[in-house]
Amino acid sequence: MKLSLLTLPLLCAALLSVGGQAATPGNIPALPPGQTLPVPKPPAPKPPVVKPLPVQMPPAQTPPIQPPLEIAPATPLRPQTAPPLVPLPVVPPSILTPPKPVAVPPAAYRPADPLFTRQWDMTTIGMPQAWALLPEIVKKGGVSQTPPVTVAVLDTGFVNSPELAGRVVNGYDFVHDPVRSGDGDGRDTDASGVGQLAYHGEVVANIIAAAHDGRGMAGINPTARIVQVRVAGTDGLIDPQDLADGLLWAAGLAVPGVPANPNPAKVLNLSLFADFIPLTGCDARIQNAVSAVNAKGALIVVGAANDGADASGYSPAGCRNVLTVTSATQQGTRPDYANWGRSVAIAAPGGETGHGVPVSSLSGPGGERSPNGTSMAAPHVAGVASLLLSARPRLTPTQLRALLTRTATPFPGGRCDPAPARTCGSGTLNAAAAVREALASSLGK
């Protein structure tokens, strides 16, 4: 059995830090149920700079010059009667007025959020190009053609992040053990995060859906709705049955003794693995829940874990019908902590020691953090999946998995690690390529 908090079943290789120092138990301010920390005063928003490509117009066409007609003497003709006057034909305005040039969409869209200039993870996966292909998603005040995609974050629980104002839901607390729950009872309708790891779920959710509002960071899908489902105790550990029930509920399936979820999700993000079980394969309870959620039509995105080991022994990373994600550095290689193996489908930015993923968090100095781990890699894939569903709402979990893995950027030299067995899936997530291919197809419309 694996019970070590320091390997973080919540898949951050390094604990979220306070004041730039590594967190120790009790060092991160706890969030009592229903309460949040003060929101730092944001800087004045700066308008995004969008530079359209120059419109290439064809050169003006002129009729060819005809040689003058040869003038020859002619016999005078008899006087001719003038023909009757007839009106000239009406020329359509479209012929008289040259057509207006067709605007070429910008090649990239760059949010005005101040942290974006340091979000290397977003440029690595081609988010500026992906956003430019979906202007209705990123345009402030714009209305998408489809309802917002709901993403469930099964994690440490609800934090009322200003990055998700009006789009984050306090879901349900599935931690059944009152001792580990830290809120004085077992399962209940308040999923608020409690304890030193309370903000782990907030960071994951912000990567997926932080607003493009000129403050903090820019999330992948700024129109997505987040449902926070608490499955982790204050110790950061996850009971298998709590996780299995949380999976079912998040997708809108019935769980005995628990009220129905009014906001069922199409994408579930699990930056975690189950504890209190051997790491020898997928736990049957979790596999049954995964299969039911998959049949319901929801995609499950899972972090591979941070032990530098084969991910196939972990639950749910080693389960069938999930999309398992490991970490990649900015250079596209596997950091030492990241799990690997045949169960891993794709890699995404997870950072490394000294070069984490820049994120907004109420718990960070100045409202920022730079954690690393497969906890950070998984929400990149979940966010892009939700973006694809915004454009193609009928894509199935199988189609989403195929699209995301098929369009991934190949690893440098064809592999993420010199050791052949330490594979990382098909490549590094490529949001621009995935969105482009989805829009070029009628699949999922």
Limiting things to C-alpha atoms, what are the Rg and the maximum Cα-Cα separation (Dmax) for region 109-209, in angstroms? 16.7, 49
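Based on alpha-carbon positions alone, could you give the equivalent ellipsoid semi-axes of region 114-440 from the gyration tensor, as √(5λ), descending, whole Å?
Numbers: eigenvalues 133, 106, 76 Å².
Equivalent ellipsoid of region 114-440: 26, 23, 20 Å, largest first.
Calculate the translational D of region 282-375 in whole µm² s⁻¹ from Stokes-Einstein, where the hydrodynamic radius comes from the Kirkwood formula applied to all Cα pairs, the temperature is 25 °C and the viscosity 0.890 mPa s.
Numbers: Rh = 14.1 Å.
In µm²/s, the coefficient rounds to 174.
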Separation between the Arg394 and Gln241 pseudo-spin-labels, each 7 Å from Cα along Cα→Cβ, expressed in nm? 4.1
Label-to-label distance, nm, for residues given as Ala260 and Asp185 (7 Å Cα→Cβ offset): 2.3
Residues whose placed amide H lies under 5 Å from that of Ala107, excluding near-sequence neighbours: Leu53
Extend 7 Å from the Cα of Asp336 along its Cα-to-C-beta direction; within region 279-312, residues with backbone N under 14 Å of that point are 307-309
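Quick one: work out the % antiparallel among DSSP beta bridges in region 114-440, nearest 5.
Details: 6 of 35 bridges.
The antiparallel proportion sits near 15 percent.
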Looking at the square roots a ≥ b ≥ c of the eigenvalues of the Cα gyration tensor of region 330-429, which shape do they give, rounded for a/c under 1.5, prolate if a/b is larger than b/c, or oblate? oblate
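Report relative contact order for region 114-440 in percent, whole number only (criteria: Cα-Cα under 8 Å, sequence separation at least 6).
Once divided by the residue count of region 114-440, the mean separation gives 19 percent.
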Show me 397-408, 155-166, 433-444 ranked by packing, highest mean number of other Cβ atoms within 10 Å first. 155-166, 397-408, 433-444
Going toward the positive end of the dipole of region 114-440, with +1 on Lys and Arg Cβ and -1 on Asp and Glu Cβ, which of Ala309, Gln129, Val293 do you reach last? Gln129
Per q in 0.11, 0.14, 0.17, 0.21 Å⁻¹, report the Debye log10 I(q)/I(0) for region 133-285, using one uniform scatterer on each alpha carbon and no solvent. -0.42, -0.66, -0.92, -1.27
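A short reminder: the numbers here are calculations on the coordinates, not readings from a lab. Since this is a predicted model, take the numbers as computed values, not measurements. Reconstructed Cβ throughout: ideal geometry from the backbone, glycine too, with neighbour counts over all protein chains shown.
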